[in-house]
Structure formats: C-alpha cells, structure tokens
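Reviewing the structure listed below.
The values are calculated or read from the model by the stated rules, or taken from the named source; none is laboratory data. Being a predicted model, the structure only gives us computed values, none of them experimental. Every residue, glycine as well, gets a Cβ built from its backbone with ideal geometry; the counts of neighbours run over all protein chains shown. Only protein heavy atoms, including side chains, enter the accessible area calculation; ligands, DNA and RNA are left aside. Shrake-Rupley method; radii C 1.70, N 1.55, O 1.52, S 1.80 Å.
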Amino acid sequence: MDFKAIIFDCDGVLIDSEALACSLSAKYVSNLGYEISTKDYMLKYMGKSFTNALNDIKNQGIDINIAEHKNFDSLMIRTDDFKNGLKSINHVDEFVKNLKIPYAIASGSSVDRLNYTLEITNLLPIFQNKIYSAEMVSNPKPAPDVFLLAAEKLGVEPKDCLVIEDGVHGTVGAKKAGMTVFGFYGASHMDKDMAQMLL
C-alpha cells in the first residue's frame with residue numbers, strides 16, 4: 001500500500017524502554033499497596049500514561065492520592081537505573097533518516113519524558129518539532145486523539161497514515177483514527193505472549 005506519512009509510537013518502537021519503565025513502575029505501585037508483577041503491569045498498562053494507571057488502580061479500591069505520585073514518571077526517567085538501561089532500537093535512526101515521506105511521533109508518554117529519552121538516545125534531532133504527546137490532547141490512548149493530532153500537523157489524511165505500534169492501547173487508538181497499523185515486536189519486552197496479544 002502507498003502511505004503518505006508514518007506515525008511512530010516511541011517507547012518500545014523507537015526506544016527499547018518498555019521493560020525498563022514497566023519494571024520500575026510495577027515496583028513503585030506495589031509499594032503503594034497494589035501488588036503487580038512487571039509482566040502484568042505491561043499487559044495492563046503499557047502504552048498508557050502513569051497517571052491513567054494510577055486512576056485505574058484507585059478505581060480498584062486502592063487508596064492513592066494521585067496528585068502525590070503523578071510526577072513519578074518524570075523522576076523515574078532521571079534515575080541511574082533508567083538512564084543506564086536506555087537504548088534506541090537497532091538502526092532506527094538510519095531507517096527514519098532515509099524515509100521519503102513525512103513522519104512523526106504519537107505517544108502516550110509525557111512531553112518531558114519524550115524529549116528527555118529521545119535526547120539520551122540521540123534521536124531528538126531527527127524528531128524535533130514532530131513529537132506529539134497524550135498531554136497535548138483531551139483523551140489519551142486508546143482514544144484516537146494523539147494520532148489525529150499528528151496526522152493534522154503532518155497535513156495528511158488519517159487513512160493515508162501508517163502507524164507503527166507495539167502496544168494494544170496504541171493499536172486500538174490508531175485503528176479508531178482510521179489508520180493502518182503495523183505491529184512491531186522487536187523490542188526486548190516482547191515475548192510470545194506480548195506479541196500474540198498485540199496480534
């Protein structure tokens with residue numbers, strides 16, 4: 001098929017960060033009284049913002065003051081455990097630089113996290129002014145909002161966009177936007193169960 005633009009998810013597609021971030025997030029919410037393994041955290045919350053995960057956990061009866069913990073994501077990415085484990089997906093920079101059509105990022109992560117992690121992995125210059133976050137729209141993934149924003153800014157109709165996603169929430173959102181989705185399962189967090197769930 002001929003596409004006029006490519007929209008990338010970031011974590012797990014451009015940056016191999018999902019296993020790392022979900023592991024640290026699972027430990028954090030477990031300490032808040034919601035016991036969850038890294039794998040289960042990935043299955044339930046990968047691709048969602050940390051605030052959305054906290055809201056869901058609170059709705060399950062765990063007493064959490066969300067305002068006290070919503071900055072965990074920004075603090076986590078600046079820890080040595082996170083920074084030292086962060087890396088881009090192999091050859092993704094070459095792939096993006098050689099694209100002949102417009103491209104952008106549509107992510108559930110915060111603007112702060114996107115800019116910070118893309119800078120660490122040397123991908124920020126490639127995506128400068130092409131980064132769209134769930135913070136910029138009313139509804140995060142699995143709503144289509146961030147994908148529709150990216151398409152609008154690229155000047156391309158949603159039906160002409162190819163989305164590259166590793167998460168179910170992002171895949172659902174992109175499909176709701178009327179876009180074609182390529183499921184990517186080349187990052188380190190993708191085992192057979194995760195890949196099958198994505199498919």
Original post:
Which order do His189, His169 take by accessible area at a 1.4 Å probe, largest first?
Top reply: His169, His189
Original post:
Where a ≥ b ≥ c are the square roots of the eigenvalues of the C-alpha gyration tensor, would you call the stretch 49-150 rounded, which needs a/c under 1.5, or, failing that, prolate if a/b is larger than b/c, or oblate?
Top reply: oblate
Subject >> Cα gyration tensor shape of the stretch 94-199, rounded if a/c is under 1.5, else prolate or oblate by comparing a/b with b/c >> reply: rounded
Subject >> Whole-number percent relative contact order across the stretch 9-67, with pairs defined as alpha carbons under 8 Å at least 6 apart >> reply: 26
Subject >> Kirkwood Rh, Cα atoms: Rg over Rh of the chain >> reply: 0.95
Original post:
With +1 on each Lys and Arg Cβ and -1 on each Asp and Glu Cβ, how big is the dipole of the chain about its Cα centre, in debye rounded to the nearest 20?
Top reply: 280
Subject >> Total charge dipole magnitude, the stretch 1-54, about the Cα centre, Cβ charges on Lys, Arg, Asp, Glu only, Debye to nearest 20 >> reply: 160
Original post:
Which distance in Å, rounded to a whole number, links the C-alpha centroids of the stretch 1-39 and the stretch 129-189?
Top reply: 15
**OP:** Label the stretch 38-90 by shape, choosing from rounded, prolate and oblate, from the square roots a ≥ b ≥ c of the eigenvalues of the Cα gyration tensor; if a/c is under 1.5 it is rounded, and otherwise prolate applies when a/b is larger than b/c, oblate when it is not.
**Re:** oblate
Original post:
Within straight cross-link reach of Lys192, meaning Cα distance under 25 Å, which lysines are found once same-chain residues fewer than 8 apart are removed?
Top reply: Lys27, Lys39, Lys44, Lys48, Lys87, Lys141, Lys175
Subject >> HN-Hα J in Hz across the stretch 7-18 - Karplus 6.51, -1.76, 1.60, θ = phi - 60°, x for Gly and Pro >> reply: 10, 9, 6, 9, 5, x, 10, 9, 10, 7, 10, 5
**OP:** Rounded to whole Hz and in sequence order, give me ³J(HN,Hα) for the stretch 186-195 from the Karplus expression 6.51 cos²θ - 1.76 cosθ + 1.60, θ = phi - 60°, writing x for Gly and Pro.
**Re:** x, 7, 5, 7, 8, 9, 4, 5, 5, 5
Original post:
So between Lys4 and Gln60, what do we pick up on full extension, going 0.36 nm a residue minus the alpha carbon distance?
Top reply: 15.9 nm
Original post:
For the chain, what is the calculated [θ] at 222 nm in deg cm²/dmol (nearest 500), taking -39500 (n - 2.57) for each run of four or more DSSP H residues and dividing by its residue count?
Top reply: -12500 deg cm²/dmol
